[in-house]
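See structure below.
What follows is calculated from the coordinates using simple rules that are stated; it is not laboratory data. Computed from a prediction, not measured in an experiment: that's the story for all the values here. Every residue, glycine as well, gets a Cβ built from its backbone with ideal geometry; the counts of neighbours run over all protein chains shown.
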Amino acid sequence: MSEDYQRFFILTGGPGAGKSTLIDALRERGFAGSAEAGRGVIQQQVAVSGPALPWNDPALFANLMLSWEMRSYDMARRETGTIFFDRGIPELPGYFRLIGLPVPPHVSAAAETFRYNRRVFALPPWPEIFSQDAERKQDFAEAIRTFEAVTSAYRESGYQLVEVPRAPVEERVEFVVDEIRRSER
């Protein structure tokens with residue numbers, strides 16, 4: 001992989017922690033951002049009555065998320081400037097462990113091959129903003145378990161987690177932008 005990874009920043013956390021809202025706000029500030037793989041795969045699979053839904057075939061769902069994330073990564077390499085990812089490839093081993101399955105070798109290889117900036121922004125579970133919807137069927141307890149699984153996967157892959165404070169979205173935007181500026185010094 002090229003040096004592109006230095007400008008690729010991941011926002012991670014459990015479901016309902018405000019990642020997509022934060023990426024949307026960063027986009028409004030002129031940054032590029034990816035769409036969340038899980039939500040995208042669910043929407044596409046529902047549209048075609050496909051089998052790769054997390055509540056039907058979690059392993060197939062995870063593999064489609066991996067394909068989505070690899071494509072997002074390749075598309076981002078064609079962009080310039082800082083890019084924010086709504087989750088990333090290195091958390092997929094954590095997802096496999098969360099669903100009680102062994103991590104396939106190709107998933108581990110992808111997590112090592114597709115690298116991002118070593119600083120990963122982690123949005124902790126936040127009960128006051130958590131909600132369920134058509135794609136997010138997990139309850140808050142599962143959101144906590146997901147947060148723990150994915151952040152553990154990032155640590156295991158050598159990433160440094162930077163916890164984003166529970167605050168209004170504009171404060172979160174300022175926090176992330178300030179952290180990136182500090183890391184560039």
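Points worth noting:
- Other-chain or far-sequence residues with amide H under 5 Å of Val162's (modelled H): Val120, Phe121, Ala122
- GluC sites (Glu not before Pro) within the stretch 1-109, DSSP loop, no more than 16 other Cβ atoms inside 10 Å: Glu79
- With the cut-off at under 12 Å, measuring from each backbone N in the stretch 1-35 to a point 7 Å along the Cα-to-Cβ line of Val162 picks out 7-11.
- Span-like helix ranges in the chain, DSSP H, alpha carbon extent 20 angstrom or more, Kyte mean at least -0.5: 58-77, 140-156
- Value of relative contact order over the stretch 53-185, rounded to a whole percent, pairs C-alpha under 8 Å and six or more apart: 25 percent
- Every Cα-Cα pair in the stretch 1-106 was counted, and those over 17 Å apart are 55% of them.
- The Rg/Rh ratio for the chain is 0.94, where Rg is the radius of gyration of the alpha carbons and Rh is the Kirkwood radius.
- For the chain, the 222 nm mean residue ellipticity estimated from helices alone, with every DSSP H stretch of n ≥ 4 adding -39500 (n - 2.57) and the total spread over all residues, rounds to -15500 deg cm²/dmol.
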